[in-house]
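Q: Supplied in structure tokens, the structure appears directly below.
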Amino acid sequence: MPELNDIQNYHAHVYYDAETIDQARALLVEARDTFGLEMGRMHERLVGPHPRWSCQLTVPVETFATAIPWLNLKRAGLTIFVHPQTGDDLYDHRDAAIWLGDSVPLNIEMFLP
């Protein structure tokens with residue numbers, strides 16, 4: 001099991017669909033600009049273990065305590081999946097995940113041995 005000092009950063013995956021993509025984009029851009037976060041591509045297809053369209057924000061450990069509560073307050077009904085990056089993808093996605101909003105099952109098969 002990873003230790004606290006194994007956390008390199010966090011990923012916050014904002015989930016959306018065709019109806020909420022503009023709302024998600026506005027939230028992602030505001031979070032990027034407010035906290036200086038790295039914003040990934042806005043996927044309009046399923047990527048990795050994610051069961052919905054998504055876009056990733058990389059949240060440094062030192063920014064977690066302000067960025068994640070901010071996202072929770074600003075998400076306006078969007079679901080956000082947050083997990084640490086420790087080098088153990090299965091643990092990070094299955095055991096150490098935080099959900100802002102409704103949780104949805106992930107496709108973690110790719111992380112199984």
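Q: HN-Hα J couplings of segment 69-79 from phi, Karplus 6.51/-1.76/1.60, θ = phi - 60°, integer Hz, Gly and Pro as x?
A: Using θ = phi - 60°, the values come out as x, 4, 4, 4, 6, 9, 5, 6, x, 6, 8 Hz.
Q: If you don't mind, another one. Between 91, 48, 108, whose Cα lies farthest towards the positive end of the dipole of the chain when Lys and Arg beta carbons carry +1 and Asp and Glu beta carbons carry -1, centred on the Cα centre?
A: Among 91, 48, 108, the one farthest towards the positive end of the dipole of the chain is 48.
Q: Return the loop-located trypsin sites (Lys or Arg not before Pro) in segment 10-84 (DSSP other than H, G, I, E, B) with at most 13 other Cβ atoms within 10 Å of their own Cβ; answer none if there are none. Could the numbers behind the result be given before it?
A: Numbers: sites: 25, 32, 41, 45, 52, 74, 75; in loops: 41, 45, 52, 75.
Filter output for segment 10-84: 41, 45.
Q: For segment 8-101, rounded, prolate or oblate, judged on the Cα gyration tensor with a ≥ b ≥ c (square roots of eigenvalues), a/c < 1.5 rounded, else prolate if a/b > b/c?
A: Numbers: a/c = 1.64, a/b = 1.14, b/c = 1.43.
Verdict is oblate for segment 8-101.
Q: For segment 99-112, what does the Karplus curve 6.51 cos²θ - 1.76 cosθ + 1.60, with θ = phi - 60°, yield as ³J(HN,Hα) per residue in whole Hz, taken in order and with x for Gly and Pro?
A: Whole-Hz 3J(HN,Hα) from phi for segment 99-112: 10, 9, x, 5, 8, 9, x, 8, 8, 8, 3, 5, 9, 6.
Values in this text are rule-based calculations from the coordinates and carry no lab data. Treat the numbers as computed from the prediction; the structure is a model and nothing was measured. Glycine also receives a Cβ, built like all others from the backbone with ideal geometry; neighbour counts cover every protein chain displayed.
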